[in-house]
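Down below is the structure, laid out as structure tokens.
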Amino acid sequence: MKKALKYEGKGKALFSTDVEGELIQVFKDDATAFDGKKHDVITGKGHLNCAISSFFFEKLQAAGIKTHYIQQEGDNEMRIQALKMMPVEVVVRNIAAGSICRRLGLEEGLRLQRPLTELFYKDDALGDPMINTEHCELFGWAKAEDIHAMRQLARDVNRVMSDMLEAVGIRLVDFKLEFGLRHGEIVLGDEITPDGCRLWDIESGRKLDKDVFRQDLGGLSEVYHEVATRLGINI
Ligand code: UDP
């Protein structure tokens, strides 16, 4: 049972529960982009994201990757273990798109020779700037060994997810992960949804992720529904 609201973000809210160390993550119907400047409410998005995220976490756990996931509860709620979250986001890229193209002048769609991991400091006011391991150590955000573990886990997640998506005709272009500590060990937290991934249809190149909302390419829930259906998720 949900108790007190602990945190509310753009796409999710976090509640304490009557079980110590367990939280409920609620997926909202809100869609935001460009630091919240673009905002919409898309009926059914919370349900779709919760189902997709639960599906990925279950597959990752089955592949031996430690995550905060306990179970999906109802349409848009996920029971999770409380972690001490790291203030660092890890982005994995297989193909150049988004900020790396702007930053390095790369053409969208360039296939990278191997998966690239990038670190960003979680700070909305600063616009989540890119950082490296030295920043993390120097400013006490994360130990070098924790960053190493996060990057390693992110690469493992990339392999599992890329294979699963490729099997249903979807290319995993890039995605963002967040991690936390559980008894001193790095564990995957947060969510895995098309809000935080770039997914392209392999045959047509059609975008099947939040870029549809960012770039006004059509209906977001239709596209998320297509991703869920292709993966065999019952909605
Ligand atoms: N991403 C995210 N949250 C963020 C920043 C990025 O989920 O705060 C995801 C984004 O959806 C994409 C990947 O991380 O799948 C890489 O994003 P990028 O650095 O290219 O930034 P963007 O183009 O989204 O500004």
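Any read-out appearing in this document is the output of simple, stated calculations on the displayed coordinates, not a laboratory observation. Predicted model, so just to flag it, every value in this text is computed and none were measured. We place every Cβ from the backbone using ideal geometry, glycine too, and count neighbours over all the protein chains shown.
Express the relative contact order of the chain as a whole percentage, based on alpha carbon pairs under 8 Å and six or more residues apart in sequence.
Values: 451 pairs, mean separation 42.2, N = 235.
Computed value for the chain: 18 percent relative contact order.
Given axes a ≥ b ≥ c from the Cα gyration tensor, I'd like to know whether the chain is rounded (a/c under 1.5), prolate (a/b larger than b/c) or oblate. Taking the square roots of the gyration eigenvalues as a ≥ b ≥ c, the chain is rounded. Over segment 82-215, Cα pairs under 8 Å with separation of 6+ residues give a relative contact order of 26 percent. I want the local charge near ALA144. Using Cβ-Cβ distances under 10 Å, sum +1 for each Lys or Arg and -1 for each Asp or Glu among the other residues. Within the 10 Å Cβ shell, the charges total -3. When MET1, MET86, MET150 are sorted by how many other C-beta atoms sit within 10 angstrom of their C-beta, beginning with the fewest, the order is MET1, MET86, MET150. Summing +1 for each Lys or Arg and -1 for each Asp or Glu among the other residues whose beta-carbon sits under 11 angstrom from that of ASP18 gives 0. Measuring nothing but how far apart in sequence close Cα pairs (under 8 Å, 6+ apart) lie, relative to its length, segment 5-104 scores a relative contact order of 21 percent.
With Cβ to Cβ distances under 11 Å as the rule, what net charge do the other residues near ASN158 carry (K, R +1; D, E -1)? Could the numbers behind the result be given before it?
Working: positive: ARG93, ARG114, ARG151, ARG155, ARG159; negative: ASP156, ASP163, ASP174.
Neighbour charge sum, excluding ASN158 itself: +2.
Computed over segment 114-215, the range of Cα coordinates on each principal axis works out to 45, 29, 24 Å, biggest value leading. Extension gain, HIS148 to ASN234, is 27.4 nm, computed as 0.36 nm per intervening residue step minus the present C-alpha separation.
Restricting things to alpha carbons, find the Rg to Rh ratio for segment 172-235 using the Kirkwood radius for Rh. Walk me through the numbers before you get to the answer.
Numbers: Rg = 14.1 Å, Rh = 13.1 Å.
Using only Cα positions, Rg/Rh for segment 172-235 is 1.08.
Partner lysines whose Cα lies under 27 Å from the Cα of LYS10, excluding those fewer than 8 positions away in the same chain, are identified as LYS2, LYS28, LYS37, LYS38, LYS45, LYS59, LYS66, LYS84, LYS122, LYS176, LYS207, LYS210.
Entry for segment 76-173 at q = 0.10, 0.11, 0.15, 0.16 Å⁻¹: log10 I(q)/I(0) = -0.34, -0.41, -0.75, -0.85, Debye formula applied to identical alpha-carbon scatterers, no solvent contribution. Packing, taken as the mean count of other beta carbons within 10 Å per residue, orders the peptides 195-207, 42-54, 132-144 from highest to lowest as 42-54, 195-207, 132-144.
Among TYR224, TYR69, TYR7, TYR121, what is the fewest-to-most ranking by other Cβ atoms within 10 Å? The partial results should precede the final answer.
Values: TYR224 28, TYR69 23, TYR7 11, TYR121 17.
Going from least to most buried by this count: TYR7, TYR121, TYR69, TYR224.
In segment 1-109 the Cα-Cα distances spread across 5 Å bins starting at 0 as 2, 11, 15, 18, 20, 17, 10, 5, 2, 1, 0 percent of all pairs. The helix-only estimate of mean residue ellipticity at 222 nm for the chain, built from DSSP H runs of length n ≥ 4 each weighted as -39500 (n - 2.57), is -9000 deg cm²/dmol after division by the residue total.
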